[in-house]
Every structure is written in structure tokens, then in C-alpha cells.
1. List every residue pair whose Cβ atoms lie under 6 Å apart, where the two residues are 6 or more positions apart in sequence or sit on different chains, the first residue falls within region 400-421 and is on the phi < 0 side of the Ramachandran plot and free of Cβ contacts under 8 Å to residues at least 60 places away in the same chain, and the second residue, located anywhere, is assigned to a loop (DSSP other than H, G, I, E, B) and not hydrophobic (A, V, I, L, M, F, W, C).
2. Which strands (runs of 3 or more DSSP E) sit wholly inside region 18-131 and have at least 2 residues that are of a type outside the set (A, V, I, L, M, F, W, C)?
3. For the structure I just gave you, tell me whether Arg90 is free of Cβ contacts under 8 Å to residues at least 60 places away in the same chain, in contact with a Gly (Cβ under 8 Å, 6 or more places away or on another chain) and surrounded by fewer than 21 Cβ atoms within 10 Å (Cβ to Cβ).
4. Search region 355-372 for residues that are in a loop (DSSP other than H, G, I, E, B) and pair each with any residue that is among the β-branched types (Val, Ile, Thr) and at pLDDT 80 or above when their beta-carbon atoms are under 6 Å apart and the residues are at least 6 apart or on different chains.
5. Among the residues of region 390-432, write down those that are out of contact with any helix residue (DSSP H, G or I) (no Cβ under 7 Å at 6 or more places or on another chain), more than 20 Å from Arg379 (Cβ to Cβ) and of a type outside the set (S, T, N, Q).
6. For Glu20, are the conditions met, namely being modelled with pLDDT of 90 or more and under 30 Å from Ile111 (Cβ atoms)?
7. Suppose we keep only residues that are closer than 25 Å to Leu223 by Cβ and out of contact with any helix residue (DSSP H, G or I) (no Cβ under 8 Å at 6 or more places or on another chain) within region 1-17. Which one would you say is surrounded by the most Cβ atoms within 10 Å (Cβ to Cβ)?
8. May I ask you to list pairs of residues, at least six apart or on different chains, whose Cβ atoms are under 7 Å apart, with the first in region 30-50 being surrounded by 15 or more Cβ atoms within 10 Å (Cβ to Cβ) and the second being modelled with pLDDT of 95 or more and among the β-branched types (Val, Ile, Thr)?
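The values are calculated or read from the model by the stated rules, or taken from the named source; none is laboratory data. Since we're looking at a predicted model, the values are computed, not measured. As a convention, Cβ positions derive from the backbone with ideal geometry for all residues, glycine included, and neighbour counts pool all protein chains shown.
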Amino acid sequence: MSYSLCKICNEKRANKQHVETHNIAYDDYLKEYETEQYNERQAVKKINELYITTRYKHSEMNKQGVYRTYSTIDGLGIQRRHGLVDSDIRAHLKQQKTLAVFTPKDYSKFIIFDIDTRDIDVLESIYRALTSHVRPEDIHCSYSGNKGYHVAVFFNKLVPKDVLLKFYAIVMADAGNPDKVELLGVDGKPVKLPLGINFKNKDHYNNYCYFCNQFGREVDNSLEYIQTIEPIDPEPVYEAVEINYDASISRTNYFTDDELIEIDEFRELKSKAHFINYSLANKIDTIEKAINLGMNEPGTRHMAMLNIAIYLKDIKGYSKEETRTFLQEWITKQDTELYKSNSKEIDQDIKDMTNTVYRRDYKLRTNKRDGNLTALDLREILSIKGKVLRRLYFILYIHGKAYCDATGTFYMTYKQINEAGNRSDRGYLKQQIKKLEELGKVEIVQQDQYKKPNKYRIPALSQEVVMTVEMDEFNICDFNCDNCLEKACSYLLTQEEIKELFDRRQARSIYNLKGKCKNPRNGK
């Protein structure tokens with residue numbers, strides 16, 4: 001960012017540090033003396049507030065009109081070490097590139113009707129239909145920069161996409177179901193931001209994405225207009241859906257909006273990262289013990305010899321004949337009480353087994369457990385403060401959940417941690433793992449041993465979680481009132497539970513009771 005001379009003293013550059021020596025806030029200085037820079041700065045803040053939730057990936061349209069996806073997660077789009085930042089938004093406003101943003105998989109903080117036609121009647125019909133549910137001043141229209149318009153409403157909290165889809169259907173029905181109107185941000189595709197250039201349109205005099213009114217007329221100053229937009233509470237959307245679909249909708253989430261956004265990133269990382277099965281080392285340990293210590297259970301001869309044959313081929317690089325010789329010598333050292341086969345049967349088994357192992361190129365494998373994350377898992381991961389450290393814990397946690405043994409112990413190298421989406425140098429990575437150890441989240445069982453992968457244990461994966469809940473009680477008052485059940489519901493249930501169990505009229509009646517009852521034991 002370039003700075004001109006201070007307009008107050010005309011002596012030094014007008015950066016934030018110098019301006020504040022004149023006892024004036026930097027934003028106030030810009031507003032008074034550098035209006036264009038002030039408006040750009042405020043527009044960046046508003047775009048962050050209104051449009052952006054997902055930062056780990058975004059799309060950029062270049063001047064040839066081609067979108068490319070950028071991501072901080074390996075294996076998705078073009079690699080970046082940092083997510084979407086303010087400098088990207090400033091480049092968008094300066095028309096150097098055009099940004100499009102993603103929304104979380106199941107939520108969005110805006111609803112945008114994409115009108116793929118210049119028909120003003122369609123624009124006005126969508127706007128008018130929305131005014132049945134939302135105040136006109138909370139509906140914001142913009143030109144797409146090519147051949148249509150966007151009509152948007154912004155919310156101060158995330159709203160489930162299934163609710164937005166139903167609200168879209170309601171508004172479309174109210175507008176007469178016009179053609180060429182789609183809902184943006186619900187199908188996994190990026191949403192183009194306003195105040196930039198739509199490079200797909202080669203008409204340079206008609207490709208700026210400006211704000212307009214419901215008749216398509218451009219507002220006086222789009223950079224100033226966006227500063228006036230305030231996100232609203234989504235309650236009108238919930239009410240419209242409840243009325244039209246006769247369904248109760250929960251307004252509360254188990255996680256905060258910030259946590260939901262980060263969980264969405266966890267989901268993407270989990271699906272794209274290269275989680276390598278290092279529990280293979282556990283299996284190798286077991287086979288090597290069988291080689292050195294021999295059989296210890298009856299009925300395990302064939303499987304033990306099969307695993308040894310695969311190990312000698314796959315890990316040691318033995319030839320088929322070398323493996324046969326090894327197995328023939330190994331079986332002579334075993335307790336004959338542990339198997340029933342005679343020497344002729346065993347020799348034939350070794351021959352058939354080694355032929356199969358080498359012809360079909362058998363590999364050592366282990367089964368991967370389900371790595372799905374529960375709400376309790378996510379709470380545990382989110383308990384870590386700091387995005388970088390939290391991501392590292394997530395990588396170790398999800399890998400451990402899939403491959404750990406009964407004690408929560410598993411193998412993973414520095415290389416594989418980085419391939420799973422961490423991307424730090426060895427020294428810094430060791431420091432971060434040490435921090436997790438100091439927090440009691442990870443135990444370092446084996447580290448930096450020659451030719452052996454690191455071995456960790458996550459206590460949370462081996463601890464039984466016991467949840468105790470203190471239950472409220474409601475004492476029935478011997479039928480001294482005729483609506484004791486409703487009062488009990490008011491006393492014991494949340495508003496969301498009441499909405500789910502009763503129709504709208506009954507629910508409102510129960511809310512008003514507020515748990516009151518004649519029985520003094522209820523304490524109300």
C-alpha cells in the first residue's frame with residue numbers, strides 16, 4: 001500500500017502510526033482526507049462481513065474469463081500457503097482479478113437469487129416477492145456484469161441450506177415461478193462477488209458488477225452503498241418456512257458459527273488429505289515376534305506362515321525359493337502340539353502358499369476403522385487454541401482414530417503428517433507436537449528412532465467418556481389444575497423441543513405458561 005504525505009502537516013508519510021500522532025483515528029483521517037482509500041477500506045470490511053465464511057479455498061477469474069480454484073489444502077485446486085485475505089479483496093476491487101467465494105457445505109450467511117436474464121420484470125418480481133418476508137431496505141440488488149442480476153439478503157448468523165432452499169421455493173412461487181432464476185451458494189459452486197469485473201463479458205463498458213435498485217438502475221456509488229448494508233436476523237426466513245411447510249425448525253446449533261466454519265474445513269481436509277496406514281508397523285511387529293518367538297496358540301500355523309511369507313516378499317525382498325527355505329526351517333522350531341498337519345502336508349502347503357503369494361503379489365495390509373467424527377470428537381479437537389496447532393491435532397486425531405490400537409497408540413512420520421495437510425518443516429513440526437504433549441493431548445511414545453516411524457498416543461481416543469446430566473423434575477399437583485401436562489412441558493422442555501412436539505398455536509400457549517403450577521414443590 002502506498003502512502004501520500006500527511007494532509008495535516010505535509011511533512012511525513014500518512015501511515016497509521018504517523019496519523020495517530022495528530023490525535024485522530026486512522027479511519028477518520030482517511031474519511032476526511034482520502035475518501036477513495038477510505039471507501040475501499042470500508043468495502044473490504046463489508047465484503048468480509050457479508051460474503052466470506054470459507055477462507056481455505058476460493059476461486060479467481062482471470063482476465064480471460066477463466067475461473068481457477070485456490071486452496072490451502074493439498075490436492076484441491078492450486079496450492080496456497082494462506083487462505084483468502086484482504087489483499088485478494090483489494091485486488092478484486094482494483095479490477096486486477098475477480099473473486100468468487102465458497103460457502104460451508106451445509107450453511108450460508110446469505111441467500112442470493114441469480115437472475116440469468118436482463119428482464120427487469122423478473123428482477124422486480126423477485127424483489128417484490130421478497131418484500132412479503134423481508135423489509136425492502138434489507139434486500140440488495142446488483143448487476144452480474146454480463147446478462148443478469150443478483151438479489152441478495154444477508155444474515156447475521158449461519159442458516160442451514162435446507163431452510164434456504166425451502167425459502168427460495170416460497171419466494172419463487174410468490175413471484176410466479178419465473179424462468180432463469182437459480183439459487184446461488186447451495187450447490188458447492190463459488191459465488192462471484194460484486195464490485196469487480198466480469199471478464200466473461202468482453203464489453204468493457206458493460207461488465208462492472210455494480211449495485212442497483214429493483215428496476216436495474218445503478219446506485220450513485222457502489223463502494224459507498226455496500227457500507228450501508230447490514231445483515232439481519234434470519235427469523236423471517238424460519239417463520240416463512242414453518243408456515244408454508246408446517247414444520248418446526250431448530251434455530252440453535254450445537255456449535256457456534258465460527259466452529260461450524262472450521263468443521264467444514266476439517267471435513268474438506270479429511271476428504272482430501274493423504275492419510276497413510278502406518279498401523280502396518282503394528283502388523284510388522286506382530287509378524288517379527290512370530291518369527292523370533294514362534295507360535296503360541298493352536299490352530300494358527302497356516303495364517304502365521306502366510307503372513308511371514310508376505311512379510312519376507314514385501315518387506316525383506318526374499319525370492320520365492322528363499323521364502324520356502326525360511327518357512328521350512330521355521331516350522332521345525334515350533335511346538336508340534338500346536339498344529340495337527342504332518343510334514344508332507346506342511347511341505348505342500350508351503351509350496352502352494354508361496355506360489356500364490358508371489359504370483360498374485362500379495363501385500364501386507366491392515367483394516368482401517370471408520371474415521372467419522374462425532375460431536376464429542378469435534379469438541380475435543382476444537383478445545384485446542386490456535387488454528388495451526390488445532391489443524392495438527394486434527395490430523396493426528398483422525399489418523400489415530402482410524403488406525404490406533406486398543407491403547408490409542410499409532411504410527412505416523414513427519415513426512416506423512418505434512419502430506420496430510422500440515423506442511424511445516426521438521427523442526428517447527430516437532431515444536432508443535434511438543435506443545436500438544438504439554439497440553440496433555442498427545443503422548444510421544446517413540447520419536448526419531450532410526451528407520452522407524454514415530455509412534456504417538458492420543459489419550460482422548462482411549463478414554464471412556466462418561467456424561468452425567470442433572471435432570472429437573474416436575475411434580476404433578478394431583479390434578480388441581482386442568483393443564484398440568486402443558487405446564488410440565490413448559491417447565492421441562494426447551495422452546496425447540498416444544499415446537500417439535502406441538503403445533504404452532506399450542507406451542508405459543510405453552511410458552512406463556514412459563515412453567516407455573518400450584519404445586520409448591522415445583523419451586524415456581
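1. Correct list of pairs: Thr407/Ser462.
2. Those strands (runs of 3 or more DSSP E) span 57-61, 67-71, 107-115.
3. No.
4. Between residues of region 355-372 that are in a loop (DSSP other than H, G, I, E, B) and residues that are among the β-branched types (Val, Ile, Thr) and at pLDDT 80 or above, the close pairs are Tyr362/Ile310; Leu364/Ile310; Gly371/Ile398.
5. Listed by number, the residues that qualify are Tyr403, Ala406, Lys415, Glu419, Arg423, Asp425, Gly427, Tyr428, Lys430.
6. Working: modelled with pLDDT of 90 or more: yes; under 30 Å from Ile111 (Cβ atoms): no.
Answer is no for this residue.
7. Among residues in region 1-17 that are closer than 25 Å to Leu223 by Cβ and out of contact with any helix residue (DSSP H, G or I) (no Cβ under 8 Å at 6 or more places or on another chain), the one surrounded by the most Cβ atoms within 10 Å (Cβ to Cβ) is Tyr3.
8. What qualifies is Ala43/Ile226; Val44/Ile89; Lys46/Ile226; Lys46/Ile229; Ile47/Ile89; Leu50/Ile229.
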